[in-house]
Amino acid sequence: MSTEPKLRLEHVTKQFDIRGTDEVFTAVEDINIDVAPGEFLVLVGPSGCGKSTLLDLLGGLSSPTSGRILLDGKQITGPGLDRGIVFQQYALLPWRTARHNIEFGLEAKGVKKSERRELAEHYLELVGLQGFADRYPHELSGGMKQRVAIARSLAFDPEVLLMDEPFAALDAQTRESLQDELLRIWKATGKTILFITHGIDEAIYLGQRVAVLTSRPGRVKTIVDIDIDRSGDDVRSGEEFRVFRHRIWTLLHGEVERARAGELDPAQEVAHV
Ligand SMILES: Nc1ncnc2c1ncn2[C@@H]1O[C@H](COP(=O)(O)OP(=O)(O)O)[C@@H](O)[C@H]1O
Ligand SMILES: [Mg+2]
């Protein structure tokens, strides 16, 4: 078995030019993370700390200002079917049914029609949506739409699943049931998952490891190993969970305060540029 990481972020920094000035804004700075094959890694950080910026970099939708990102040892230089992305907003095509949304990536991959249909059926079942194949997105609830988005990402069999706050827009109950579904799917498929959230409970519930990011610019503050038994009832109320929640809350709390101070004080903003 290879010990090579599935994903490696090496000194990744991303800066944006501030329009109308010759200054730059550093969104994320010197990010170093290795994600092992089959690992479920969560990145948690305050709003505006550069989480989506990082996801865009991983997706190859933009490139780092410095540093590099490797997938199976090869540098990511653009988007690719080796990475499936699930966004916060249901990025489904409204004019396509659930089935045809799932088949979308497969068409791009040149999979033939009968096989596409079979795969779509399989992944609809995996996300618990058998029977909903012919519904259009507007005929599905928010939770169902995210299930379709997950099925679509899995259907073309990517190496890595990248998820940017995919459950943030859902009500608490739907969110918790989708978290369980995602853990089940992760175990069933063995995919490597990099999941981004600003929710502490979500991070602890899902992650084998949780990387806590600082606010502006986003850096990795600490990576916490989450070693809890998730098999019991109401895991989130247990003592182990509570200890992790407090630990990560403490790590994040200062960051949220710092982010808020930065928003109020333009001078501080400049200090981070
Ligand atoms: N294309 C861009 N140009 C300039 N600034 C950007 C751009 N994209 C993001 N930013 C800035 O980078 C910071 C991080 O944004 P983002 O990655 O969306 O944060 P998060 O997802 O953690 O809430 C924000 O201050 C945002 O305004
Ligand atoms: Mg974001």
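Annotations
- GNM remark for the chain: springs join alpha carbons under 10 Å apart, and the peak mean-square fluctuation among GLY218, GLY48, GLY84 falls on GLY48.
- Averaging over all projection directions, the Cα-based convex hull of region 75-131 occupies 5.1 nm² in the image plane.
- Put a plus charge on the Cβ of each Lys and Arg, a minus charge on the Cβ of each Asp and Glu, and nothing anywhere else: the dipole of region 142-209 about its Cα centre is then about 220 debye.
- Sparse-neighbourhood loop sites, chymotrypsin sites (Phe, Trp or Tyr not before Pro) in region 19-103 - DSSP loop, at most 10 other Cβ within 10 angstrom: TRP95
- Of the GluC sites (Glu not before Pro) in region 11-65, those whose Cβ has at most 12 other Cβ within 10 Å and which sit in DSSP loop: GLU23
- Charged-residue dipole, Cβ positions (Lys, Arg, Asp, Glu), region 185-266 about Cα centre, Debye nearest 20: 340 debye
- Most positive-pole-ward Cα, ASN32, THR65, GLY78, against dipole of region 1-91 from beta carbon charges: GLY78
- Euclidean distance of C-alpha centroids, region 12-44 and region 59-115, integer Å: 20 Å
- Förster radius 25 Å - calculated FRET efficiency between ASP171 and ARG236, Cβ distance, rounded to 0.05: 0.95
- Note on the chain: Kirkwood hydrodynamic radius from all Cα pairs is 19.6 Å, rounded to one decimal.
- Of THR3, VAL256, ILE185, farthest towards positive along the dipole that unit charges on Lys, Arg, Asp, Glu beta carbons give the chain: ILE185
- Extension gain, GLU125 to SER141, is 4.1 nm, computed as 0.36 nm per intervening residue step minus the present C-alpha separation.
- Order of ASP134, ASP164 under a 10 Å beta carbon neighbour criterion, fewest first: ASP134, ASP164
- Extreme residue, positive dipole direction of the chain, given options VAL224, THR13, HIS138 (C-beta unit charges): HIS138
- Estimated purely from DSSP H runs of n ≥ 4, each contributing -39500 (n - 2.57), the mean residue ellipticity at 222 nm for the chain is -12000 deg cm²/dmol once divided by its residues.
- Anisotropy class of region 94-157 from Cα gyration tensor, a/c 1.5 cut: prolate
- Using Cβ point charges alone (K and R +1, D and E -1), the dipole size of the chain about the Cα centre works out to roughly 560 debye.
None of the figures in this text is laboratory data; all of them are computed from the coordinates on show. Because the structure is predicted, anything quoted here is derived from the model rather than measured. Note: ideal-geometry Cβ built from the backbone for every residue, glycine included; neighbour counts use all protein chains shown.
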